[in-house]
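Any read-out appearing in this document is the output of simple, stated calculations on the displayed coordinates, not a laboratory observation. The shown structure was predicted, so the numbers you read here are calculated from the model rather than taken from an experiment. Cβ coordinates were reconstructed from backbone atoms using ideal geometry, including for glycine residues, and neighbour counts include every protein chain displayed.
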Amino acid sequence: MRLPFFLLSVLALTTASVSCNAESKQPLESEVVSQPVASEQANACRGSSHIEQVQCLSLKLKEQDVALNQLYDRVIERLPENDESDLRKERHQLVSAQQAWLKYRDEHCAFVGAQEGGSNLWVTHFVSICVKEETDKRIEFLNSFVN
């Protein structure tokens, strides 16, 4: 349930490029946001530069990943290891479903990001927003099992 390797590596490269730019303390003209942010949820990540927005989204995704993992663990604990009346209610079914959902989310958001287009940084930005939105939906779904 961790963010896919490709997304983490892109975000790590973004962070590294910001630290190289930190000495100037002025955003490069190419970093200044010229495209609208695609989601209300990303509004909290409006910074003076595009790189700052991507960094903010990266932090939010890490926090969200922790919350998702904690919730997933709570749901798993509530499910029976074995249910003779219905195998679909067993833990392994949720494990399988979660793995499928993670694959769906990553592939779907990669597609969405590519369709939005732009530079690699913009694609990463749109992928991150999509991942955040899809994960919010999954958290809401999993919450229905603990409430």
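Counting neighbouring beta carbons within 10 Å and listing from fewest to most, the residues E107, E116 come out as E107, E116. Sorting 123-130, 136-143 by average packing, meaning the other beta carbons within 10 Å per residue, from highest down gives 123-130, 136-143. With θ taken as phi - 60° and the Karplus curve 6.51 cos²θ - 1.76 cosθ + 1.60 applied, the whole-hertz 3J(HN,Hα) list for the range 49-66 is 10, 5, 4, 5, 5, 5, 4, 4, 4, 4, 5, 5, 5, 5, 5, 5, 4, 4 Hz, x standing for glycine and proline.
For F145, no residue 5 or more places off, or on another chain, has a built amide H under 5 Å of its own. Cβ crowding within 10 Å, taken as a proxy for footprinting-reagent exposure, orders Y72, Y104 from fewest neighbours to most as Y104, Y72.
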